[in-house]
Amino acid sequence: MPQRRSFVAGNWKLNGSLATNASLLEGIVAGAPWQACDVAVCPAYVHIPAAVARLSATTIGVGAQDVADVPAGAYTGEVSAAMLREAGCRYVIVGHSERRTLYGDTDAVVARKVTAATGAGLVPIVCVGETLAERDAGTTLAVVGRQLSAVIDGAGLGALSEAVIAYEPVWAIGTGRTATPDQADEVHRAIRALLARHDATMAGRLRIVYGGSVKSANAAELFARPDIDGGLIGGASLDAGEFLAICAAARRD
Ligand code: 13P
């Protein structure tokens, strides 16, 4: 199996100010273990320019947390992929469960956002994951498969070739309840197998990261699994020491 370079991203969600972000970034930049893997931070839209400026001389990328599913026009409040690219973003999170459940992003909308992101040269971090009810009903793999197939059908397989997939079980996000390495690994393997049915080479190269209550205490055992290529980190990414320790736990290439 080809070795993939690990990817760890911090999703700062609706947190931070210019001042707190600046000190968080100083702490992260001072740490340096990101050289072992690709690292990104995803601040709120208005905080992106400051993060890009601070990180421009580093290898740390900046991502947005969402993107419009259309390129331009009368869509008050939206931010386009081209705008994010021009602002210096390399990545964009698409289909986060908070967008799906709180803001009504359907599978079709997520597919259009992936199209918009890749069209503008952004790397989409495509989030998939089941709710607790879906896991309890035994439909985890069906749900994740549906979410992924919608992107493949809507955006095309090519749109995923440079993407990162984030498996984020909804019941593990912000709850302190992490998926066990076995639980996560099962889904990661299923995602790779689904993609391999379309293109085995691409599936072998694609990074599939885990998100949901990752912290320094559990990162290493998750990342040790061969199909878990890093993490999408919420709460723990707001603490430089925690985030650095999680980056340090990422597998080396
Ligand atoms: P937590 O790490 O806070 O559970 O959040 C995970 C997440 O939603 C990352 O996108």
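The values are calculated or read from the model by the stated rules, or taken from the named source; none is laboratory data. Fair warning: this is a prediction, and the values are worked out from it, not measured in the lab. Here the Cβ is made from the backbone with ideal geometry for all residues, glycine too, and neighbour counts use every protein chain on show. For the accessible areas, the whole protein counts, side chains as well, though only heavy atoms, and no ligand, DNA or RNA atoms are used. Shrake-Rupley method; radii C 1.70, N 1.55, O 1.52, S 1.80 Å.
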Only one of (1) touching a residue at least 12 places away in the same chain (Cβ under 8 Å); (2) in contact with a Ser or Thr (Cβ under 9 Å, 6 or more places away or on another chain) is not met by Val123, so which one is it?
(2)
Per-region count, the stretch 53-90, residues open to solvent by 10 Å² or more (accessible area, probe 1.4 Å) and within 16 Å of the ligand (Cβ to nearest atom):
2
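Yes or no, residue by residue, for (1) part of a loop (DSSP other than H, G, I, E, B); (2) more than 30 Å from Ala87 (Cβ to Cβ); (3) open to solvent by 50 Å² or more (accessible area, probe 1.4 Å):
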{"site": "Glu98", "(1), (2), (3)": "no, no, yes"}
{"site": "Lys113", "(1), (2), (3)": "no, no, no"}
{"site": "Ala116", "(1), (2), (3)": "no, no, no"}
{"site": "Ala133", "(1), (2), (3)": "no, yes, yes"}
{"site": "Gly138", "(1), (2), (3)": "yes, yes, yes"}
{"site": "Ala142", "(1), (2), (3)": "no, yes, yes"}
{"site": "Ile152", "(1), (2), (3)": "no, no, no"}
Conditions (1) in a helix (DSSP H, G or I); (2) within 23 Å of Thr118 (Cα to Cα); (3) within 14 Å of the ligand (Cβ to nearest atom) -> Val46 fails only (3)
Candidate set: the stretch 183-199, residues that are out of contact with any strand residue (DSSP E or B) (no Cβ under 7 Å at 6 or more places or on another chain) and within 21 Å of Val123 (Cβ to Cβ); chosen: the one least open to solvent (accessible area, probe 1.4 Å):
Leu195
Between residues in the stretch 226-245 that are within 17 Å of Gly63 (Cα to Cα) and residues that are at pLDDT below 95 and surrounded by 24 or more Cβ atoms within 10 Å (Cβ to Cβ), which pairs lie under 6 Å by C-beta distance while being six or more apart or on different chains?
Gly230/Ala250
Could you say which residue among Val164, Val214, Val170 is in contact (Cβ under 8 Å) with a residue 24 or more places away in the chain, closer than 22 Å to Ala116 by Cα and either under 14 Å from the mean Cα position of the chain (by Cα) or open to solvent by 30 Å² or more (accessible area, probe 1.4 Å) (or both)?
Val164
